[in-house]
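Worksheet for the structure shown next.
Values quoted throughout were computed directly from the atomic coordinates according to the rules given, and no laboratory measurement underlies them. Here the structure is a predicted model, which is why all the values come from computation and not from measurement. Note that we place each Cβ from the backbone using ideal geometry, even for glycine, and neighbour counts take in every protein chain shown.
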There are 2 protein chains.
Amino acid sequence: MKRTIYAGNVSVEHVGENVTIKGWVQKIRNHGGVLFVDVRDREGVVQTVWPDFFNSIHADLLVAIKPEEVVEISGSVRRRPEESVNHQMKTGEVEILGSDIIRISSTLPLPFEISREIQVKESLRMKYRYLDLRRESLSKNIFFRSKISKLVRDFFHRNGFIEVETPLIVKYTPGGARNFLIPSRLFTGKFFALAESPQIYKQLLMIANFDKYFQLSKCFRDEDPRSDRQIEFTQIDVEMSFIDELEVMRLIEDLFYVLWKEILNIELVQPYKILTYHEAICRYGTDKPDLRFGLEIEDLTSIFQHSTFQYLREASFVGGIICRKASKISRKYLQGYDEFIKSQGGKGVKVFKLDEEEKDPEVFKVLKTKYYFQPGDLLLVMGGEKFHSLELLGLLRKNIIEVENIIPDKEFELVWVVDFPLFELNNEGNITSKHHPFTSPLVEDIPLFSTNPLMMRARSYDIVVNGVELGGGSIRIISRDIQQEVFKTLGLSDKDIEEKFGFLLKALSFGAPPHGGIALGFDRLVAILLGEESIREVIAFPKMTSTYDPLTDAPSEVEYQQLKNLHIKVEE
Amino acid sequence: MKRTIYAGNVSVEHVGENVTIKGWVQKIRNHGGVLFVDVRDREGVVQTVWPDFFNSIHADLLVAIKPEEVVEISGSVRRRPEESVNHQMKTGEVEILGSDIIRISSTLPLPFEISREIQVKESLRMKYRYLDLRRESLSKNIFFRSKISKLVRDFFHRNGFIEVETPLIVKYTPGGARNFLIPSRLFTGKFFALAESPQIYKQLLMIANFDKYFQLSKCFRDEDPRSDRQIEFTQIDVEMSFIDELEVMRLIEDLFYVLWKEILNIELVQPYKILTYHEAICRYGTDKPDLRFGLEIEDLTSIFQHSTFQYLREASFVGGIICRKASKISRKYLQGYDEFIKSQGGKGVKVFKLDEEEKDPEVFKVLKTKYYFQPGDLLLVMGGEKFHSLELLGLLRKNIIEVENIIPDKEFELVWVVDFPLFELNNEGNITSKHHPFTSPLVEDIPLFSTNPLMMRARSYDIVVNGVELGGGSIRIISRDIQQEVFKTLGLSDKDIEEKFGFLLKALSFGAPPHGGIALGFDRLVAILLGEESIREVIAFPKMTSTYDPLTDAPSEVEYQQLKNLHIKVEE
């Protein structure tokens, strides 16, 4: 028989109809000779009833039936008796009086339960992902992901954007330590790389006059194992010509308006706040500030010049966070803050409470008058090099929120962080790009190329949601000269530049329009919309943080002959 | 100034308005002191006019302006004088009386012209793809591709399908000679592979109860250089549970109805013809028959048992094609058919015309009575082993169509070819899967596993459009035993089976629903809809058939240190 309806869609409007459903046995109950078999399919669960089943022609099958077997059931839909109506269940007003049942597939004993949402070790869930995906909590996420991707695409198409697929097998750029390599079979000793992003291609599309491009693109990065990254991920990639920063930012705000409205029924207020990188660091100690909370960092350097504490009096910078009505002011908790900062590589934190006024009378005077410091308030103070202290205070702020269990006023706070440094020093002390080398500097900072490139600011913008960076973008360089200047500042020789980026410099020479764009982490966006902590909860088949895949047991060893065809061999 | 309108969208409804456009200089003409500067952007071209330009404040710029420079122009829209209206041009009724012009970007001399559709060598077009993409012929294709992908996605969403992204970095399956390999950095000596298709993942999604899945998925295959394949390509991938062959076929017919209607305004007639593989081979000598033409192959074996030609009389099979009113019946052309077949590895072809009746009187008698053979008709005949002869006749049929320049009645003929062999012999004489090893055999052929597996037929279906295979699919195996039987028939040991497909066999043991699906080549589909011969004309950044990329000069060499990080080295 053909399926006539999804099990999960049977409702009172079908009462009296004969239906055929196909799906998985969810639950079986025997109530005094009446057998109830709940059947689950994609749309939900429906109850089938088999009165006096033991004497029916299907007795053999009904007696033996097990959860997670696949069955086909025909029968007539009827209303449940009033007392049996289940209001928790979509189909709870009806049931199917079974007339026929066929077992389509049987099952071995399951590694974990499907029908109840019990906790299961993640590696086990991943090994049996096809079973994990049967569980409502996960499958609902994947369904929503499909819906969100549709909303995203519809939004961009509606706004005149063209989706263009850019290559995933691309040129290897020397020094790309996070590139996956692909040995070429046809070109001995040569390699392709997997695309880290469509960055250069989307810029070429602007030079090619596409004007408004977007793509839900796969990107690949050979990440070190971190809590919540995947080696392949999906990016909402956007680029526009003849625009400025604000137009890109407004576009993304419009997109988020649609997504938050459709998925969460929340109407986000536009425009979002804009913080410069410098402000974000000074006020929140991070370029990814969580604005759902106050607890801003105060620059207390001048106040502490009158402190009785020598270390603070003499520090080049003193910063502090005032925590109002701190509920956890026990010695143990205060020590906890100090230990936390030490665990983060700081020298510890000094704590001021109003009942300790005598410790530092001058400072407390100002605290009371200028900061309205009151009983129950806490001041946590740190002194030292300014930016390092700010960073530690930023971490302390997050720690306070957690320890004090401070509840945010709003569920979502979105903020733009702009004017990032164009360059920064990496761990080896070399200049690198803060974002990527195609980011345009602020016009007024161009003279700093020759004097102080580390002070240059970028025409860049990151979007931060609840302290999580969702993506970022910039206005790009279209001057061949400035692009070359950036490469030189990064320490590339003329030969390097030509080899790595010659084609881009050439492209910039043939009439390049002003352009800019943004890239958003799609996995992260979906996770935020669905309230999931980990992106693995919104990916159908994720890998573990080690990159290992318990489902298929990848990566694996490869025969010698196959490697030989690719002109490589393993070096232990 | 901000752009107020796309150049290509200026029309009579804007007459009198001041507008600002931004784009590329397309053409410059000086008509007796009046300068015409055509400006192109994504939407088209508009003419700007600069009367007495030599005395204007913009004289310096206007004198020096060059094609493909990027400019910003402001001015007022006016109607062209009646005699200057250009009906070939979208904006041909109007022009912009220029008041201000800024040069945004200049250009070096171009490698080829953009504004006229001249022939350019493909490798040069690919090296400067960003310029090639400015040309209308190519950019229009990429725009249409975006539109088609939207239509495809909308169709599947409308029909209750969920788009799920499956991994591209996957397990390497031993023996996968067409797999791209990715060395693992974290697991010394181990490798991932790039996904050839989402086949197994989509089956797992069915086992996971997703019921209706689709994806526009990237696939990777390390193809040998062939005329029209790419190492990465896009696939419309579909899978459904609890369905049969016809439901998949009807779904795809419904999809094509939408695409042909929306893109070409053609209403395809449903359902399509269905040919078995055996019929297709016997009637057209190929499993990808082009049904826009007749010229079917006739089995003439019994007739030629009375032939005067010994070689045909004694052949185990004689097949022929009757070409009615053949216009090219000169000796030279006939010899051409013979040579063509020889060039394809055949022994040549015998040609019969009515004025040569005396050569083989018995045969001609039947030809005239049974086949209404008439003056001007040609019979091309071949004898030998049946299936080899049919294959050659299939090639001959294509050759005849080309040589005789036969025009099809219909622009598109779509046909399903079904019941393919489950297995075939490869060049080394080993049994391999005709499609893939997850294809279900016909139920009535299951007993042949032990006796004659090469005679087994598959529950498979290919969709063929005008002689081009657009894709194919099948009903999948859900019985663990049958799946194991297939693997064994393919010569895999128990250990191989466990290592390669253990996880799939396991998945089949936990309640697998009946399921099947299809995969369509999206690049090819777009090419067919746009009337392009080569898929490279519908891909923004294709690679050459050698896999080489002239744009970025990939693949390339990699530093020793980088290879060392990946635990591999190059072996010459």
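What residue, among those in the stretch B:194-209 that are assigned to a loop (DSSP other than H, G, I, E, B) and facing chain A (nearest Cβ under 7 Å), is surrounded by the fewest Cβ atoms within 10 Å (Cβ to Cβ)? Show your work before the answer.
Here is the first cut: in the stretch B:194-209, the residues assigned to a loop (DSSP other than H, G, I, E, B) are B:195-198, B:208-209.
Applying the additional criterion that residues be facing chain A (nearest Cβ under 7 Å) yields B:208-209.
Working: B:208: 28, B:209: 22.
The qualifying residue surrounded by the fewest Cβ atoms within 10 Å (Cβ to Cβ) is B:209.
Test of understanding: among A:383, A:376, which residue is in contact (Cβ under 8 Å) with a residue 40 or more places away in the chain, more than 24 Å from the chain's Cα centre (by Cα) and on the phi > 0 side of the Ramachandran plot? Reasoning before the result, please.
On the way: A:383 fails: on the phi > 0 side of the Ramachandran plot.
Result: A:376 is the single residue among A:383, A:376 that is in contact (Cβ under 8 Å) with a residue 40 or more places away in the chain, more than 24 Å from the chain's Cα centre (by Cα) and on the phi > 0 side of the Ramachandran plot.
Let me confirm something: among B:39, B:77, B:120, which residue is in contact with a helix residue (DSSP H, G or I) (Cβ under 6 Å, 6 or more places away or on another chain), surrounded by 14 or more Cβ atoms within 10 Å (Cβ to Cβ), more than 14 Å from chain A (Cβ to nearest Cβ) and of a type in the set (Val, Ile, Thr)? Walk me through it before giving the result.
Working: B:39 fails: more than 14 Å from chain A (Cβ to nearest Cβ); B:120 fails: in contact with a helix residue (DSSP H, G or I) (Cβ under 6 Å, 6 or more places away or on another chain).
So the residue among B:39, B:77, B:120 that is in contact with a helix residue (DSSP H, G or I) (Cβ under 6 Å, 6 or more places away or on another chain), surrounded by 14 or more Cβ atoms within 10 Å (Cβ to Cβ), more than 14 Å from chain A (Cβ to nearest Cβ) and of a type in the set (Val, Ile, Thr) is B:77.
Say we look at the stretch B:129-151 and pick out the residues that are closer than 16 Å to residue B:110 by Cβ and of a type in the set (Lys, Arg); which of these is nearest to the other protein chains (Cβ to nearest Cβ)?
Ranking the qualifying residues of the stretch B:129-151, first place goes to B:134.
Every residue in the stretch A:545-572 that is of a type in the set (Ser, Thr, Tyr) and either under 35 Å from the mean Cα position of the chain (by Cα) or over 25 Å from residue B:503 (Cα atoms) (or both), please.
As a first pass, look at the stretch A:545-572 and keep what is of a type in the set (Ser, Thr, Tyr): A:545-548, A:552, A:556, A:560.
A:545, A:546, A:547, A:548, A:552, A:556, listed by residue number.
Taking the stated definitions as given, is residue B:229 among the basic types (Lys, Arg), closer than 13 Å to residue B:518 by Cβ, more than 10 Å from every other protein chain (Cβ to nearest Cβ) and not in a strand (DSSP E or B)? Working first, answer last.
Numbers: among the basic types (Lys, Arg): yes; closer than 13 Å to residue B:518 by Cβ: no; more than 10 Å from every other protein chain (Cβ to nearest Cβ): yes; not in a strand (DSSP E or B): yes.
It is false that residue B:229 is among the basic types (Lys, Arg), closer than 13 Å to residue B:518 by Cβ, more than 10 Å from every other protein chain (Cβ to nearest Cβ) and not in a strand (DSSP E or B).
When you look at residue B:221, is it touching an Asp or Glu at 6+ places or on another chain (Cβ under 9 Å), among the charged types (D, E, K, R) and more than 8 Å from every other protein chain (Cβ to nearest Cβ), yes or no?
Working: touching an Asp or Glu at 6+ places or on another chain (Cβ under 9 Å): yes; among the charged types (D, E, K, R): yes; more than 8 Å from every other protein chain (Cβ to nearest Cβ): yes.
Yes.
If you take the residues of the stretch A:169-193 that are assigned to a strand (DSSP E or B) and at the interface with another protein chain (Cβ under 7 Å from one of its Cβ atoms), which of them is nearest to residue B:552 (Cα to Cα)?
So the residue we want is A:171.
For residue B:215, are the conditions met, namely being in contact with a strand residue (DSSP E or B) (Cβ under 8 Å, 6 or more places away or on another chain) and more than 7 Å from chain A (Cβ to nearest Cβ)? So that I can check it myself, show each step before the final result.
Values: in contact with a strand residue (DSSP E or B) (Cβ under 8 Å, 6 or more places away or on another chain): yes; more than 7 Å from chain A (Cβ to nearest Cβ): yes.
Answer is yes for this residue.
Name the single residue that is nearest to residue B:514 (Cα to Cα) among those in the stretch B:457-497 being of a type outside the set (Lys, Arg) and free of Cβ contacts under 8 Å to residues at least 12 places away in the same chain. Write out each step before concluding.
Taking the stretch B:457-497 and keeping what is of a type outside the set (Lys, Arg), we get B:458, B:460-475, B:477-479, B:481-487, B:489-494, B:496-497.
In the following step, the residues that additionally are free of Cβ contacts under 8 Å to residues at least 12 places away in the same chain were identified as B:481, B:492-494.
On the way: B:481: 15, B:492: 25, B:493: 26, B:494: 25 Å.
For the stretch B:457-497, the residue satisfying everything is B:481.
Which one of these is within 21 Å of the chain's Cα centre (by Cα) and free of Cβ contacts under 8 Å to residues at least 60 places away in the same chain: A:224, A:287, A:254? Steps first, please.
Details: A:287 fails: free of Cβ contacts under 8 Å to residues at least 60 places away in the same chain; A:254 fails: free of Cβ contacts under 8 Å to residues at least 60 places away in the same chain.
Residue meeting the stated conditions: A:224.
Exactly one of (1) buried (at least 20 other Cβ atoms within 10 Å of the Cβ); (2) in a loop (DSSP other than H, G, I, E, B); (3) over 21 Å from the mean Cα position of the chain (by Cα); (4) not small (Gly, Ala, Ser) is unmet by residue B:301. Its number?
Evaluating residue B:301 over (1) buried (at least 20 other Cβ atoms within 10 Å of the Cβ); (2) in a loop (DSSP other than H, G, I, E, B); (3) over 21 Å from the mean Cα position of the chain (by Cα); (4) not small (Gly, Ala, Ser) leaves (1) as the failure.
Pull up the stretch B:519-569, narrow it to residues that are free of Cβ contacts under 8 Å to residues at least 12 places away in the same chain and among the small types (Gly, Ala, Ser), then point me to the one that is nearest to the other protein chains (Cβ to nearest Cβ).
By that ranking, first place goes to B:554.
Check A:279, A:262, A:339 and return the single one that is within 20 Å of the chain's Cα centre (by Cα) and part of a helix (DSSP H, G or I). Lay out the reasoning, then the answer.
Details: A:279 fails: within 20 Å of the chain's Cα centre (by Cα); A:339 fails: within 20 Å of the chain's Cα centre (by Cα).
None of the other options fit; the residue is A:262.
Quick one: how many residues across the stretch A:152-167 are of a type outside the set (S, T, N, Q), surrounded by fewer than 21 Cβ atoms within 10 Å (Cβ to Cβ) and either more than 7 Å from chain B (Cβ to nearest Cβ) or part of a loop (DSSP other than H, G, I, E, B) (or both)? Don't jump to the end; show me each part of the working.
Step one: list which residues in the stretch A:152-167 are of a type outside the set (S, T, N, Q), which gives A:152-158, A:160-165, A:167.
Then keep just the ones that are surrounded by fewer than 21 Cβ atoms within 10 Å (Cβ to Cβ); that gives A:152, A:154-155, A:157-158, A:160.
Still in the list and also either more than 7 Å from chain B (Cβ to nearest Cβ) or part of a loop (DSSP other than H, G, I, E, B) (or both): A:152, A:154-155, A:158, A:160.
Qualifying residue count for the region: 5.
From the list B:124, B:62, B:110, pick out the single residue that is more than 30 Å from residue B:12 (Cβ to Cβ) and in a helix (DSSP H, G or I). Don't jump to the end; show me each part of the working.
Values: B:62 fails: more than 30 Å from residue B:12 (Cβ to Cβ); B:110 fails: in a helix (DSSP H, G or I).
Just a single option satisfies the conditions, and that option is B:124.
Of the numbered conditions (1) buried (at least 22 other Cβ atoms within 10 Å of the Cβ); (2) over 17 Å from the mean Cα position of the chain (by Cα), residue A:212 satisfies every one except a single condition; which is it?
That leaves (1) as the condition not met.
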